[in-house]
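Laboratory data are not the source of any read-out in this text; all were calculated from the coordinates shown. On a predicted model such as this, the values are computed, not experimentally measured, just so you know. Cβ placement follows ideal geometry from the backbone for every residue including glycine, while neighbour counts extend to all protein chains displayed.
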Amino acid sequence: MAIYTSLAVTTVILNPSERCLQWSDDGQACITTKATVHIMTPDSGINFSTPPDIKALRGDEQGEQTLGWFRTMIEPARGQTHIWPSICQDWGAITLGSLDVSLRGVACSPSNLTSRGRCVITILNSNAEVSLWTAAKNHLKGEWTNIQDVTGLLLDTASSEDIIRNTLRAQVTSLAWSKQPDYRITPTPILDSSMLALGNRAGCIEFFRFNRHNNSGGSLSYIHTEPLSDHWITHLSWAPWITHAVGHCESLLAFSTDNGNVGLVKVTQNLQSTSNVGFVPEYTTSAVFDVQGPICEADKRGVTALAWVQPPGRNPILVYTKPGLVYLWSWPGSEPAWNGTRAFPLQTQKMSIGSSAISPVSGVSYVLHRDALILSLFDGSLHVIHNMTVEPTWSPPLAGDILTSTELSRTTRTLFAKVTPAGISNLDVNRIGGMMSYDSQSTLIWIYEALRPADFGYKNEAQHECMLLTAPFWQLDDETVLHTASEAFADISCASGSAPIHHLRALMLHLRSNARFAAVCPQVLEILSQVPPDQTTTIVLPSWTQGWNDDLRPQLRKSLTTHLFGWPNLLSLRMRLSIADLCWKLCKDPEMQAQCGQVAQRLLAAISHCVLRVLVRHLRAIIPVITTPDIPFVLREVVQSLLPGSPQDLSDEAQALSDALTASFSIDPAIAALHEHCPACHTEVPLHDITRATCPNGHAWARCTVTSFILSTSKVRTCIGCSRKALLPLASSDESQLPVAAQSWIVRDLLEAVHRCLFCGNSFVEIV
């Protein structure tokens with residue numbers, strides 16, 4: 001039986017829950033433990049010089065490749081930031097968690113929120129305090145910093161004169177961050193419409209939105225307070241956004257209280273255009289909040305898990321659990337499917353002395369192609385509900401199906417024994433603290449701690465060590481792998497902002513671990529060759545006629561970001577290129593490897609032409625405000641657009657740009673030659689290759705993938721997906737780091753507008 005990951009983590013998990021282990025939209029696994037948040041990134045799709053912290057080794061007897069992981073952590077201060085008795089002396093404001101401050105929960109924002117194009121993370125501790133964290137230079141292995149004390153914001157925005165209520169409102173008990181809605185606008189506007197919801201001890205939900213700042217990372221701003229109950233809000237969970245019309249989206253926020261009540265808040269967002277003066281329209285969002293009727297009345301039985309799952313082709317399903325019971329609820333829809341509430345009693349899986357059906361639920365995972373829901377319990381067992389779309393049931397659809405509670409629980413026990421050298425007995429319990437799917441199919445990732453509850457010796461109790469496992473529970477056939485490949489490139493939307501390595505995680509795993517890769521590779525290449533139509537040809541930019549003013553540069557940066565990263569076809573090309581590169585690396589047959597290289601070259605050329613078209617049209621629009629220092633960069637874009645193999649329409653546009661530039665300026669022939677000087681020997685280096693530069697003396701230099709200028713400084717950013725390098729934006733460096741020919745305001749704005757790799761769409765890191 002294959003095991004992709006087996007990693008010992010010296011830590012303690014105090015709060016087993018369905019969010020103890022969760023994926024961020026940057027493709028990172030966040031593990032919430034007592035004192036730290038471990039951030040683990042699988043090495044699938046990551047290619048740069050820094051090796052992973054946990055290296056991939058050859059697997060078991062089946063010869064499968066294990067996963068490597070990059071690893072870092074967030075370690076908040078153990079002390080109290082806010083001493084509640086100094087704020088309010090009422091007994092109701094006491095937090096017992098202040099005696100030994102630990103972590104209670106984590107919520108990951110959508111990706112592409114920060115100026116570096118990444119996620120932010122909110123952390124809730126046992127003292128009911130919330131803090132906001134973001135990665136600095138390297139989100140894979142580097143430091144994460146605290147950028148805001150959210151509890152302080154809650155205290156500052158208190159509107160009531162009642163000190164007790166203000167204090168309870170600031171004491172957070174649950175948190176959840178929504179995804180980005182898709183307003184069906186192309187190209188996708190640069191706008192954050194996600195919301196952070198904070199439930200508190202006052203029975204309210206506070207809504208916030210993230211505001212990006214280039215220097216400090218960003219901060220939250222208050223939106224709305226929704227009073228719901230006199231009881232604590234213990235759980236929150238956002239449903240996926242549903243787009244009913246262009247610019248109109250709805251979502252349901254599920255909540256539970258400490259007395260067992262489960263309810264809903266319907267959140268409606270409308271997109272409104274505020275200005276069409278610049279290159280791209282300006283938008284704002286308005287939100288409406290509406291409390292719905294209760295799903296479950298208060299019964300004094302606490303909710304242990306609350307999560308939404310989204311089967312294809314129907315309304316989302318709410319999963320909530322209480323001790324010994326699983327409840328499913330669905331909103332009535334137009335499709336002929338079940339709605340209302342279904343209750344399923346859990347059955348004890350007799351695996352060890354600690355087996356119990358009333359153990360807390362520690363993981364919820366929906367298996368896409370099997371229409372099944374997998375639940376993990378703290379006692380180490382797994383439970384499966386089938387036929388989620390039509391009529392949920394414990395019974396599998398086919399006799400002999402291995403996707404059953406008994407078989408999966410037996411498999412987890414077998415894997416537990418396999419990674420325990422000393423062996424196990426009925427006295428050993430593998431307590432699962434968190435579980436989630438790795439690929440939405442057969443591969444799960446979970447963290448557990450091995451304990452002996454019946455052993456009261458101090459030595460056993462003092463040894464706290466958790467084990468992180470990733471393993472497939474059944475084998476996927478070639479048809480499923482190919483279906484996964486097709487789905488990865490279907491209905492692509494840029495609205496989510498998710499990193500390509502997050503989108504492609506499942507496909508990359510299946511290709512790497514498939515013993516029959518050679519058999520499926522030709523069909524995968526056929527899928528990759530189905531290139532979508534080029535949408536960048538529809539870009540229409542008005543000529544800038546307002547002269548040099550304060551709006552010009554912000555408008556240009558926003559328009560560049562929108563058109564470089566907001567077109568679905570360009571995102572599809574970037575994702576296809578990542579898979580083509582992976583296939584090239586995995587191929588052993590020279591002939592098939594050559595075919596992979598040809599597909600990759602065609603995709604690379606298509607991406608380059610799209611990027612050049614975006615740049616040429618923007619440069620043509622700002623001809624009236626171009627200055628003499630900008631000419632070298634403009635001419636570089638013209639030369640690249642006129643290279644052999646460029647589409648005729650792109651060449652024509654570049655020639656028109658060159659003619660307009662020549663008509664406005666008297667260009668020095670030395671500048672028109674586009675020669676740079678070698679940083680080592682100062683001889684002239686001609687522009688013969690846009691990726692490498694070699695001087696007559698043999699000195700070789702890499703070129704910036706954004707501007708094509710020579711990289712003569714070590715202060716660069718490196719793409720984690722393809723290892724291409726680019727100059728740092730001026731907000732992170734100074735102008736002296738730029739070559740003389742690149743010291744143009746257009747180059748500075750372009751470097752700031754490009755926050756992700758132009759060729760694979762993944763994030764940059766700074767390697768110190």
| field | Cα-centre dipole for the chain with unit charges at Cβ (Lys and Arg positive, Asp and Glu negative), debye to 20 | value | 860 debye
| task | Report, in degrees rounded to the nearest 10, the 0 to 90 angle that the Cα long axis of helix 405-418 makes with the longest principal axis of the chain. | result | 70 degrees
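Within the set of other residues whose C-beta is less than 11 Å from the C-beta of CYS108, count the net charge using Lys and Arg as +1 and Asp and Glu as -1.
+1
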| query | Mind checking the angle between helix 631-641 and the chain's longest principal axis? C-alpha axes, 0 to 90 degrees, to the nearest 10. | reply | 80 degrees
| request: With an 8 Å cut-off on Cα pairs and a minimum separation of 6 or more residues, tell me the relative contact order of the chain in percent. | output: 11 percent
| Taking H as built 1.01 Å from N, whose amide H comes closer than 5 Å to the amide H of ILE190, not counting residues under 5 places away? | none
| request: In whole angstrom, note down how far apart the Cα centers of segment 65-95 and segment 101-138 are. | output: 11 Å
| LYS588: which aspartates and glutamates have alpha carbons under 19 Å from its alpha carbon, excluding same-chain residues fewer than 8 sequence positions away? | GLU64, ASP478, GLU526
| note | In whole angstrom, the spacing between the Cα centers of segment 528-549 and segment 607-638 equals 12 Å
| Between VAL531 and LEU155, what length comes free when the chain is fully extended (0.36 nm per residue of separation minus the Cα-Cα distance, one decimal in nm)? | 130.1 nm
| note | P(r) of the chain over all Cα-Cα pairs, 10 Å bins starting at 0, rounded to whole percent, reads 2, 13, 22, 25, 19, 11, 5, 1, 0
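Which of rounded, prolate or oblate describes segment 117-219 when judged by the alpha-carbon gyration tensor and an a/c cut-off of 1.5? Walk me through the numbers on the way to the answer.
Numbers: a/c = 2.24, a/b = 1.45, b/c = 1.55.
Taking the square roots of the gyration eigenvalues as a ≥ b ≥ c, segment 117-219 is oblate.
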| Charges only on Cβ, +1 for Lys and Arg, -1 for Asp and Glu: so what's the dipole of segment 23-166 about the Cα centre, in debye to the nearest 20? | 360 debye
| request: For an R0 of 45 angstrom, estimate the FRET efficiency from the Cβ-Cβ distance between GLN743 and GLN593 and round to the nearest 0.05. | output: 0.60
| remark: Checking segment 556-599 for trypsin sites (Lys or Arg not before Pro) in a loop per DSSP with at most 11 other beta-carbon atoms within 10 Å yields LYS588
| note | HN-Hα couplings for segment 118-125 via Karplus (6.51, -1.76, 1.60; θ = phi - 60°), in whole Hz with x for Gly/Pro, come out as 10, 7, 10, 10, 9, 10, 10, 10
| Considering every Cα-Cα pair within segment 141-280, what fraction, in whole percent, is farther apart than 20 Å? | 55 percent
| field | Cα long-axis angle, helix 568-586 against the chain (0 to 90 degrees, to the nearest 10) | value | 80 degrees
| task | Please identify every one of the GluC sites (Glu not before Pro) in segment 406-503 that sits in a loop by DSSP and has no more than 12 other beta carbons within 10 Å of its own beta carbon. | result | GLU465
| query | In terms of Cα to Cα distance under 23 Å, which lysines are near enough to LYS715, apart from those fewer than 8 places away along the same chain? | reply | LYS137, LYS141, LYS725
| remark: Quick calc: nm separation of the 7 Å Cα→Cβ label points for HIS369 and LYS585 -> 2.3 nm
| message | Loop-only GluC sites (Glu not before Pro) in segment 138-220, please: DSSP not H, G, I, E or B, and at most 11 other Cβ atoms within 10 Å. | response | GLU161
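If you count, for each residue, the other Cβ atoms within 10 Å and average over each peptide, how do 184-197, 278-291 line up from highest to lowest?
Highest-to-lowest ranking by the protection proxy: 184-197, 278-291.
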| query | Where the centroid of each part is defined by its Cα atoms, how far is segment 1-52 from segment 248-290 in Å? | reply | 31 Å
